[in-house]
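Enquirer: Questions regarding the structure given below will be posed in turn.
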Amino acid sequence: MHTMQKSIRISKCLELAILFEVSADKPGNVNLTVGFEGTRYEHFLASAVAAAPFFELAAQRGIAIAEGKTNVRNAGLGRIIKDCVASINAWQHGGNTLLGTVILLSPIAVAAGMAPVNEEAAFDISKLRNNLKHVVESTTSDDAVQLYEAINIANPSGLGKAPELDVNDPGSVGRIVKENISLFQVFEIASKYDSVCYEWVNNYPKTFDLAYPYLLKQITETGNLNVAIVHTFLKVLAEHPDTFIARKVGIEKAQEVSAKAERILELGGLETSSGKKSLQKFDLELRQSGSLLNPGTTADIIAAALALCVLGGYRP
């Protein structure tokens, strides 16, 4: 596959993954029919389109690394994420839509660029995962500084105060530069209370070991992408309390939400009338407190799992 074709293909795969994710009617999230105050479905559509060129750039860096034209330390992930977030902001007025998703998908784009493609133009997911580990572990202090700037641009809600290298502390960036702290090291600190950072530093275990295989199985078994996405969302939420909720209202409330997700799956989810009823009730409960109980981090992981499905050859 030609280099340019490959990078465009990767960006299309990731853009499609975001579009699939936001189109599914997952409980407590923005979807086609329901949004939050100031943040609606169209804001996510615009964000997906705005992000695509930066996934293409990330993929081009990965291709250059695989061809030996540059070093993996020069991938420039921090800058890619920052410019991507700035572009998303310029294309819509719905606030922070995709920060977590962009942080997860940008290294996947680099890793896919480094990975071989088979005759069907699908990517080898196990090789992609090996590359991913290499990509994130090779990040630099400059990547960390750029990521802090990206967070300031996105201005996400519910950040809270970090115990160390807090993004709102003006001294953090100076310390990162002075002590040469890489983005990987920053995420190691944050991984204790943030699932996106946890994914980065542990080679994406929730994405590759739970969400992705479960999603593939659900697509095969249900024959319905929306059902597969909703069930996978519930599965991940059931097994891992959402850190976005935990940061805003505490871990106990996040665990309660997870227990309810597990119960809905036990009732059969969208494939039984009792499961459907229970899911509708759950959705309403999550929405009653504004966006405080929005399982946003779980949605980011689902977007990453969908990216692997599409990169691996899934087509609707």
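Enquirer: For each of ASP209, ASP194, ASP242, ASP283, count neighbouring Cβ atoms within 10 Å of the residue's Cβ, then give the residues from fewest to most. Numbers along the way, then the final one.
Expert: On the way: ASP209 13, ASP194 22, ASP242 27, ASP283 18.
So the ranking, lowest neighbour count to highest, is ASP209, ASP283, ASP194, ASP242.
Enquirer: Can you run phi through the Karplus equation (6.51, -1.76, 1.60; θ = phi - 60°) for the stretch 168-175 and list ³J(HN,Hα) in whole Hz, with x for Gly and Pro?
Expert: Once rounded to whole Hz, the list reads 8, 8, x, x, 4, 4, x, 5.
Enquirer: Under 10 °C and 1.306 mPa s, how fast does the stretch 171-316 diffuse according to Stokes-Einstein, given a Kirkwood radius computed over C-alpha pairs? Answer in µm²/s, whole number. Numbers along the way, then the final one.
Expert: Working: Rh = 16.4 Å.
Translational diffusion coefficient: 97 µm²/s.
Enquirer: Residue by residue through the stretch 306-314, which ³J(HN,Hα) values in whole Hz follow from phi under the Karplus form 6.51 cos²θ - 1.76 cosθ + 1.60 (θ = phi - 60°), with glycine and proline marked x?
Expert: Computed from phi, the couplings for the stretch 306-314 are 5, 4, 5, 4, 5, 4, x, x, 5 Hz.
Enquirer: Please compute the net charge surrounding ILE301, taking Lys and Arg as +1 and Asp and Glu as -1 over other residues with Cβ under 13 Å from its Cβ.
Expert: For residues surrounding ILE301, the net value is -4.
Enquirer: Moving to a separate point now. Treating the stretch 66-141 as a set of equal point scatterers at the Cα positions, no solvent, please give the Debye-formula log₁₀ I(q)/I(0) at q = 0.16, 0.23, 0.25 Å⁻¹.
Expert: -0.66, -1.04, -1.12
Enquirer: Same structure, new question: Restricting attention to the stretch 95-193, which trypsin sites (Lys or Arg not before Pro) occupy a DSSP loop and are surrounded by at most 14 other Cβ atoms within 10 Å?
Expert: Here the sparse-neighbourhood loop sites are LYS161, LYS192.
Enquirer: Sticking with this structure for a sec: Please arrange TRP200, TRP91 by how many other C-beta atoms lie within 10 Å of their C-beta, fewest to most.
Expert: On the way: TRP200 26, TRP91 17.
So the ranking, lowest neighbour count to highest, is TRP91, TRP200.
Enquirer: For the stretch 191-254 and the stretch 124-172, what is the separation of their Cα centres, given in Å?
Expert: Measuring centre to centre over Cα atoms gives 20 Å.
Enquirer: Let me ask you something else. When the dipole is taken about the Cα centre of the chain, and only Lys, Arg (+1) and Asp, Glu (-1) are charged at their Cβ, what size is it in debye, to the nearest 20? Working shown, then result.
Expert: Details: 30 positive and 34 negative charges, 37 e Å.
My answer is approximately 180 debye.
Enquirer: Given the options THR222, THR139, THR101, state which has the largest fluctuation in a GNM of the chain using a 10 Å cut-off (strictly under) for Cα springs.
Expert: The residue that fluctuates most here is THR222.
Enquirer: Sequence gap at least 6, Cα distance under 8 Å: using those rules, report the relative contact order of the chain to the nearest whole percent.
Expert: 22 percent
Enquirer: How large is the convex hull of the Cα atoms of the stretch 1-151 per residue, expressed in Å³ as a whole number?
Expert: Taking only Cα atoms, the stretch 1-151 has a hull volume of 112 Å³ per residue.
Enquirer: Which loop GluC sites (Glu not before Pro) in the stretch 1-92, with loop taken from DSSP, have no more than 13 other Cβ atoms within 10 angstrom of their Cβ? Kindly include the intermediate steps, with their values, before the conclusion.
Expert: Details: sites: GLU15, GLU21, GLU37, GLU42, GLU56, GLU67; in loops: GLU37, GLU67.
Passing sites in the stretch 1-92 are GLU37, GLU67.
Enquirer: In whole Hz and in residue order, list the ³J(HN,Hα) couplings for the stretch 138-152 that follow from phi through the Karplus curve 6.51 cos²θ - 1.76 cosθ + 1.60, θ = phi - 60°; x for Gly and Pro.
Expert: 9, 5, 10, 5, 4, 4, 5, 4, 5, 5, 4, 5, 4, 5, 5
Enquirer: Restricting things to alpha carbons, tell me how big the chain is in terms of Rg and Dmax, in Å.
Expert: 18.6, 59
Any read-out appearing in this document is the output of simple, stated calculations on the displayed coordinates, not a laboratory observation. Just so it is clear, the structure is predicted and the values come from calculations on it, not from any experiment. All Cβ positions, glycine included, derive from the backbone under ideal geometry; neighbour counts span all protein chains shown.
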